[in-house]
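Here's the structure we're looking at; comments come further down.
The values are calculated or read from the model by the stated rules, or taken from the named source; none is laboratory data. Model, not experiment: these values are computed from the prediction. Note: ideal-geometry Cβ built from the backbone for every residue, glycine included; neighbour counts use all protein chains shown. When the accessible area is computed, the model is the full protein with side chains, heavy atoms only, and any ligands, DNA or RNA have been set aside. Shrake-Rupley method; radii C 1.70, N 1.55, O 1.52, S 1.80 Å.
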Amino acid sequence: MLYSSQAVAKPYFIAAIALFVGQILFGLIIGLQYVVGDFLFPILPFNVARMVHTHLLIVWLLLGFMGAAYFIVPEEADKELHSPKLAILLFWVFLIMVVLTLLGYLLVSYATLANLTGNRFWPTMGREYLEQPTISKLVLLIVAIGFVYNIGMTIFQGRKTVINLVLLTGLIGLAVLFLFAFYNPDNVVLGKYYRWWTIHLWFECVWLLIMAALLAFVLMKITGVARELIDKWLYVITAAVLMTGILGTGHHYYWIGTPEYWQWWGSIFSAIEPIPFFVLTVFAFTMVNIRCCEHPNKAATLWALGTAVVAFLGAGVLGFLQALAPINYYTHGTQITSAHAHLAFFGAYAMVVLTMISYAMPMLRGRAAANSHRSQVLEKWSFWLMTVSMTFIALLITTAGTLQVYWQRFVAEPLPFMAVQEKLVVFYWMREVAGLIFLIGLVVYVISFFVGGEDKGETSAGVN
Amino acid sequence: MNNIFTNAMARNTIYGSVLVILLFFVLTFGTVRTLPERVHHENITPQVVLGKAVWEQNHCVGCHTLLGEGSYYAPELGNVYQRIKHQTNETHAGPFIKAWIEIMPTDAPMRRQMPNFNLSKTELNALLAFLKWFSEINAANWPPNIEG
């Protein structure tokens with residue numbers, strides 16, 4: 001750690017992990033509700049538990065991104081963070097917003113929450129991923145603006161590296177595209193159209209730029225490969241993300257009342273959307289192969305390679321599987337969609353944040369470049385437990401989804417939705433077991449932070 | 001490789017995205033222009049708008065899908081009006097849907113449960129008007145069949 005202000009990343013990372021645990025617990029609840037339909041009903045209906053699951057997902061990843069940026073940007077800009085005080089203030093504002101929103105979801109009915117927060121004056125609630133009360137969205141926007149200002153000023157006054165600029169582009173995109181979350185016209189189709197400008201362009205465009213920048217930073221640090229080479233890869237990845245991801249939005253516009261031409265544009269650009277993920281994977285493996293030093297943090301290296309591979313499988317492969325219009329006609333809005341979302345989110349975003357935490361946390365905690373061998377062994381166990389179980393979750397619900405498509409949409413005499421769901425029970429049970437293994441992996445991950453032992457020292461890395 | 005593909009060339013590939021963004025705006029313009037006809041904008045009455053608010057403020061999308069978007073826990077509702085009409089008839093579809101919502105939850109053991117949202121008569125009628133309007137949107141022949 002070169003600058004003391006990088007330390008503001010620490011509370012962000014700790015809170016991110018805590019909320020991650022919450023997300024998984026609620027995931028297990030809704031997984032069980034798929035098979036034991038009345039589990040916890042009416043105290044915690046499915047829609048509420050699912051909303052908590054996805055809300056926690058987004059906010060813990062945002063906390064992870066912000067922490068990562070606060071760690072990376074000063075080091076890359078070669079100066080202290082513009083305002084560490086603002087960073088800490090925004091942390092608490094964000095966390096309080098997250099907790100109050102959660103309490104709102106859990107303690108009162110959604111309609112009451114909408115009423116209490118004045119949704120009628122500016123209705124933005126009740127849409128997938130955008131369930132937060134308008135006031136929560138406004139707080140999130142203010143935090144995003146303050147955060148981008150802090151990061152932007154640091155970069156503006158310091159060294160403008162490619163990693164910093166790509167990261168900043170992604171973060172500005174994140175804040176700007178969030179504005180579309182506030183637009184909810186009476187014409188539902190128009191609302192759906194612009195909702196994707198936040199959701200899709202976050203997950204399949206600007207968040208990917210953030211992910212690429214984070215990965216590039218960690219790879220540069222742990223492999224010691226020359227910055228010029230890292231930069232070149234990052235340029236190509238950025239170009240590939242923008243050229244495929246933006247019009248890839250079209251694959252959400254096939255069947256929601258938008259014109260048929262989207263079936264062509266969406267399919268063509270979705271077909272090339274795996275390219276940036278493939279380049280990311282090749283990038284990660286090439287950098288590790290041509291490394292010029294042995295960094296003691298083996299766990300971070302594992303996460304860095306893992307995030308590239310699982311992102312490619314989850315976003316690239318499982319995404320492609322259903323992105324072409326003639327296939328999507330059958331798969332749209334089924335368990336196959338859910339499978340893709342799970343593996344893509346975990347691979348691209350959860351794992352890249354964990355990569356960053358794995359790399360930065362030992363230093364933030366005043367240890368040497370890496371945790372002790374014992375701690376790293378546990379962390380690597382958690383990597384495999386979580387990655388393998390999430391892969392199983394994705395495969396199980398892909399299979400369930402395939403059968404769902406067959407019985408509900410493909411055969412000559414289709415069955416009703418619930419009749420099909422009853423046939424899929426065995427897959428949902430197996431998915432729940434895989435989820436429990438994931439939780440075990442996550443517990444092992446948390447435990448790895450409390451394992452002491454001899455720290456691993458500095459290496460010859462850091463020439464960049 | 002370094003001499004053939006320089007960093008400057010790598011950086012310049014990013015400019016290609018400008019074309020993509022322009023194309024995105026053109027296609028968006030086309031979409032926004034044709035939507036009123038595809039969704040029968042003239043049928044979005046104040047009652048439909050109220051129904052949309054009921055839909056959103058009770059978080060229906062937390063379990064159901066609307067043209068495939070939402071959660072996959074409960075049936076598609078974009079075409080629910082057509083589906084119930086198919087099972088009953090034109091006059092009974094509306095009352096059937098309203099009664100269905102009112103008798104929830106079933107409390108059948110182990111079955112997925114839908115909460116009772118305590119909707120007023122006005123809200124129920126508005127929600128029905130919303131679902132009826134929505135079922136007439138031109139969604140490129142989706143869903144593949146009446147089951148959603």
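A compact table of results
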{"read-out": "Integer Hz, Karplus 6.51/-1.76/1.60 couplings in order for segment A:147-158, x for Gly and Pro", "value": "5, 5, 4, 4, 5, x, 5, 4, 5, 4, 8, x"}
{"read-out": "Whole-Å semi-axes of the ellipsoid equivalent to chain B (Cα gyration tensor, √5λ, descending)", "value": "43, 20, 14"}
{"read-out": "Shielding by partners - mean other protein chain Cβ count within 10 Å, residues of A:42-51", "value": "5"}
{"read-out": "Largest to smallest principal axis extent of the C-alpha atoms in segment A:1-160, angstrom", "value": "56, 36, 20"}
{"read-out": "Rounded if a/c under 1.5, otherwise prolate or oblate - segment A:216-449, Cα gyration tensor axes", "value": "oblate"}
{"read-out": "For segment B:70-148: rounded, prolate or oblate by the Cα gyration tensor [a/c cutoff 1.5]", "value": "oblate"}
{"read-out": "Exposed GluC sites (Glu not before Pro) absent - longest run of chain A, DSSP non-H/G/I/E/B, at most 16 other C-beta within 10 Å", "value": "A:81-259"}
{"read-out": "Between 0 and 90°, nearest 10: helix A:335-344 axis offset from chain A longest Cα axis", "value": "10 degrees"}
{"read-out": "Under 5 Å, built H, 5+ apart or other chain: amide partners of residue A:370", "value": "A:456"}
{"read-out": "Tilt relative to chain B, helix B:46-57 - C-alpha long axis, 0 to 90 degrees, to 10", "value": "80 degrees"}
{"read-out": "Of the chymotrypsin sites (Phe, Trp or Tyr not before Pro) in segment A:96-166, those whose Cβ has at most 12 other Cβ within 10 Å and which sit in DSSP loop", "value": "A:121"}
{"read-out": "Kirkwood Rh in Å, taken over all unlike Cα pairs in segment A:382-464", "value": "15.9 Å"}
{"read-out": "Kirkwood-based Rg to Rh ratio, the protein assembly as shown, C-alpha trace", "value": "0.97"}
{"read-out": "For segment A:1-160: relative contact order, % (alpha-carbon pairs under 8 angstrom, 6 or more apart)", "value": "31 percent"}
{"read-out": "Per-residue ³J(HN,Hα) for segment A:249-255, Karplus 6.51 cos²θ - 1.76 cosθ + 1.60, θ = phi - 60°, Hz, x for Gly and Pro", "value": "3, x, 6, 8, 10, 6, 10"}
{"read-out": "For chain A: relative contact order, % (alpha-carbon pairs under 8 angstrom, 6 or more apart)", "value": "15 percent"}
{"read-out": "For residue B:76, residues with placed amide H under 5 Å, excluding near neighbours", "value": "B:65"}
{"read-out": "Solvent-accessible surface (1.4 angstrom probe) belonging to residue B:63, in square angstrom, nearest 10", "value": "20 Å²"}
{"read-out": "Selection of trypsin sites (Lys or Arg not before Pro), segment A:39-125, meeting DSSP coil and at most 16 other Cβ within 10 Å", "value": "A:120"}
{"read-out": "Within straight-line cross-link reach of residue B:132, lysines at Cα separation under 24 Å, skipping those fewer than 8 residues along the same chain", "value": "A:192, B:52, B:85, B:98, B:121"}
{"read-out": "All lysines inside 16 Å of residue A:85 as judged from Cα atoms, apart from same-chain residues fewer than 8 positions distant", "value": "A:10"}
{"read-out": "Number of partner chain Cβ atoms within 10 Å, mean per residue of B:74-80", "value": "3"}
{"read-out": "MRE, 222 nm, helices only [DSSP H, n ≥ 4, -39500 (n - 2.57), over chain A, to nearest 500]", "value": "-23500 deg cm²/dmol"}
{"read-out": "Partners for residue A:456 among aspartates and glutamates (Cα-Cα distance below 17 Å; same-chain residues under 8 apart left out)", "value": "A:294, A:379"}
{"read-out": "Exercise: per-residue mean of other protein chain Cβ atoms within 10 Å, A:99-111", "value": "2"}
{"read-out": "3J(HN,Hα) from dihedral phi, segment A:202-214, Karplus parametrisation 6.51/-1.76/1.60, rounded to Hz, x for glycine, proline", "value": "5, 6, 10, 9, 6, 5, 5, 5, 4, 4, 4, 5, 4"}
